[in-house]
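*Asks:* Can you keep this structure in mind? I'll have questions shortly.
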Amino acid sequence: MEPAQHAWETLSNSMRLYAEASVSFNRLFAVDPEEAINNLDRAFESKLEAFHTLYDVTKKIAGFDYFGYGDTSLLIVLRNALHHRDHSLFVSWNKAMHMNGGLVKMAGAAFLLANYGGVATGTSNYFLLLKDFSKRLEHASIRDPEKLRALWDEDLSFVSIASHGAQRRYPQDQIYVNVIPVFICAVARVAKWLASKELVPLGFDGKTYATHFARTEIPRLKQPTFAELRLPYPPGS
């Protein structure tokens, strides 16, 4: 289990660094928006990379199927998409709105922001376009895309979120979903499984997060919540 121990420690380090970037986001954004957004984006990608490393070193251990759950499978697919970047998908809300003139281009538009009730995320949110996940399933690298689509629709309520948006006439490029609750569920699920395999965590971060997630009940992402955000028009327009 030594590779798994090191992989879990790296994932734990990455989660702490993301939390620190999230906490400092607003302060840094007020001074340098581009740096704040890039710091958070890279910290999020680092978490995905670390999760994928853990997947790589544990996927052959009996007793857990990463592609048998909506949350864990989504993180792997999302990591691979961001790692290879042969597309224009999965641009964070912050980058889409605050860089390259997004706020001006989309002035007056209403956005549907989907979240999940019953999942404690603190102040951390990381919104991505819902339609990008469906689009990624069309990529040649994806195995059994219909199985994944059904898992995400059921486990992550993607079909409910899309239906809610369609009923309220939101364009598909204006429906976002917070993926932090998905990440929390996935890590909790893997942590509990590794604890059952008697993984001994390494380092302060590794031990702290192992204890936390082993005690965390895996929430069911069956209660999507919705908020509308309408972008203001520029002054004087």
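*Asks:* Give the number of residues within the range 98-129 that are within 18 Å of the chain's Cα centre (by Cα) and either surrounded by 14 or more Cβ atoms within 10 Å (Cβ to Cβ) or over 29 Å from Arg16 (Cα atoms) (or both).
*Replies:* Counting residues in the range 98-129 that are within 18 Å of the chain's Cα centre (by Cα) and either surrounded by 14 or more Cβ atoms within 10 Å (Cβ to Cβ) or over 29 Å from Arg16 (Cα atoms) (or both) gives 13.
*Asks:* While we're here: I need a count of the residues in the range 141-178 that are under 15 Å from Ile76 (Cα atoms) and of a type in the set (Gly, Ala, Ser).
*Replies:* 1
*Asks:* Identify the residue in the range 26-40 that is buried (at least 18 other Cβ atoms within 10 Å of the Cβ) and under 17 Å from the mean Cα position of the chain (by Cα) and, among all such residues, is nearest to Ala195 (Cα to Cα).
*Replies:* So, considering only residues that are buried (at least 18 other Cβ atoms within 10 Å of the Cβ) and under 17 Å from the mean Cα position of the chain (by Cα), the one nearest to Ala195 (Cα to Cα) is Leu40.
*Asks:* (1) open to solvent by 20 Å² or more (accessible area, probe 1.4 Å); (2) hydrophobic (A, V, I, L, M, F, W, C); (3) in contact (Cβ under 8 Å) with a residue 12 or more places away in the chain: which one isn't true of Leu78, the others all being true?
*Replies:* (1)
*Asks:* Could you grab the pairs with beta carbons closer than 8 Å, sequence gap of 6+ or different chains, first residue in the range 54-67 and in a loop (DSSP other than H, G, I, E, B), second one crowded, with 18+ Cβ neighbours inside 10 Å?
*Replies:* Final answer for the pair search is Lys59/Tyr66; Ile61/Ala4; Phe64/Thr58; Phe64/Val190.
*Asks:* Residues in the range 150-173: is at least one open to solvent by 30 Å² or more (accessible area, probe 1.4 Å), in contact with an Asp or Glu (Cβ under 8 Å, 6 or more places away or on another chain), hydrophobic (A, V, I, L, M, F, W, C) and assigned to a loop (DSSP other than H, G, I, E, B)?
*Replies:* The answer is no, given that none of the residues of the range 150-173 is open to solvent by 30 Å² or more (accessible area, probe 1.4 Å), in contact with an Asp or Glu (Cβ under 8 Å, 6 or more places away or on another chain), hydrophobic (A, V, I, L, M, F, W, C) and assigned to a loop (DSSP other than H, G, I, E, B).
*Asks:* Moving on. Does the range 204-227 contain at least one residue that is open to solvent by 60 Å² or more (accessible area, probe 1.4 Å), outside any helix (DSSP H, G or I) and within 20 Å of Trp93 (Cβ to Cβ)?
*Replies:* yes
The values are calculated or read from the model by the stated rules, or taken from the named source; none is laboratory data. All figures in this text were calculated on a predicted structure; none of them were measured in a lab. Cβ sites come from the backbone with ideal geometry, for glycine too, and all protein chains shown count toward neighbours. Protein only, heavy atoms only, side chains kept; ligands, DNA and RNA dropped before computing areas. Shrake-Rupley method; radii C 1.70, N 1.55, O 1.52, S 1.80 Å.
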